1. List the relative contact order of the range 76-142 as a percent without decimals, with contacts defined as Cα pairs under 8 Å and 6+ residues apart.
2. Please compute the net charge surrounding Pro63, taking Lys and Arg as +1 and Asp and Glu as -1 over other residues with Cβ under 11 Å from its Cβ.
3. Please report the net charge: other residues with Cβ closer than 10 Å to the Cβ of Arg158, K and R +1, D and E -1.
4. Using mean Cβ contacts within 10 Å as the protection proxy, how do 121-130, 152-161, 137-146 order, highest first?
5. Determine which lysines satisfy two conditions relative to Lys84: a Cα distance under 22 Å, and not lying fewer than 8 residues away in the same chain.
6. Between Arg69 and Asp83, how many nm apart are label points set 7 Å from Cα along the C-beta direction?
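Just so you know, all these numbers are worked out from the coordinates, no wet-lab data involved. Remember, predicted model here, so these are calculated numbers, not experimental data. In this analysis, Cβ positions are derived from the backbone assuming ideal geometry, glycine residues included, and neighbour counts consider all displayed protein chains.
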Amino acid sequence: MRHQARALVLTAISVLALGVGGPAHAEPTPPPADSLPAGFPAEVPPAAAAARAAEVSPTGPAPVTLPHRVVRNSDGSVDVIADKAAVDALVSVAAASDACGNSCDGEDPASYLVKPPGGQANWYYCSTDAKTIYTKTVDNSTYAELRYSPRCRTAWTRGGYYSLLGGFSYNSSGSERERVTGPSAHQQGVSRYTAMLNDAGYTYKACVDGQTGGSPLWRCTAKY
């Protein structure tokens with residue numbers, strides 16, 4: 001019951017293409033208020049707006065740059081899975097004490113400002129060091145990326161405009177801890193992403209609905 005209740009609160013954040021045209025130093029334009037979930041601020045600091053702009057991926061799933069393997073499944077889908085040791089190494093290098101824990105559950109990784117001790121010089125957004133570590137590709141427009149922040153130790157799902165996205169967090173016992181899901185976005189041609197969930201001591205999988213209409217038919221990455 002707890003994860004069902006949380007699902008209503010942790011509504012995925014529809015991330016839209018932000019205005020980044022003009023000179024390279026021009027600040028992105030925040031999305032209009034009516035394109036965002038209730039309670040989600042349209043006005044954000046320039047740094048957060050830039051982080052949102054950087055987090056969208058209009059050309060499909062980002063490549064997995066860590067050492068990885070590719071699995072081509074009999075149903076035609078393709079999994080790209082980063083070596084766990086390579087991802088673990090990123091976590092060990094990051095400031096582990098800065099992990100934001102459960103306070104990051106349900107927050108926007110690109111605009112939720114994490115404030116560890118030490119003043120503003122140490123504040124950061126989880127999307128800043130995020131990497132795509134796993135992908136599940138069903139077709140050119142139906143895919144899910146497992147986005148992971150080593151510093152925050154949080155995970156979220158990024159995928160195409162037309163797809164319903166989901167993210168599922170699990171306890172070490174294998175029971176589901178939390179989930180986030182997202183409705184359709186409001187503009188064409190851009191990716192979007194869900195809210196993030198704490199992944200320190202848990203595992204997470206990124207999912208995309210593989211069908212149109214009816215109950216979701218989740219197609220998911222491996223867990224990390």
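1. Details: 47 pairs, mean separation 33.0, N = 67.
Relative contact order for the range 76-142 comes out at 49 percent.
2. Values: positive: Lys131; negative: Glu145.
Once all neighbours under 11 Å are counted, the net charge is 0.
3. Working: positive: Arg147, Arg192; negative: Glu55, Glu145.
Around Arg158, the charge tally is 0.
4. Details: 121-130: 19.1, 152-161: 27.5, 137-146: 21.0.
Order by mean packing, descending: 152-161, 137-146, 121-130.
5. Lys131, Lys136, Lys205, Lys223
6. 1.2
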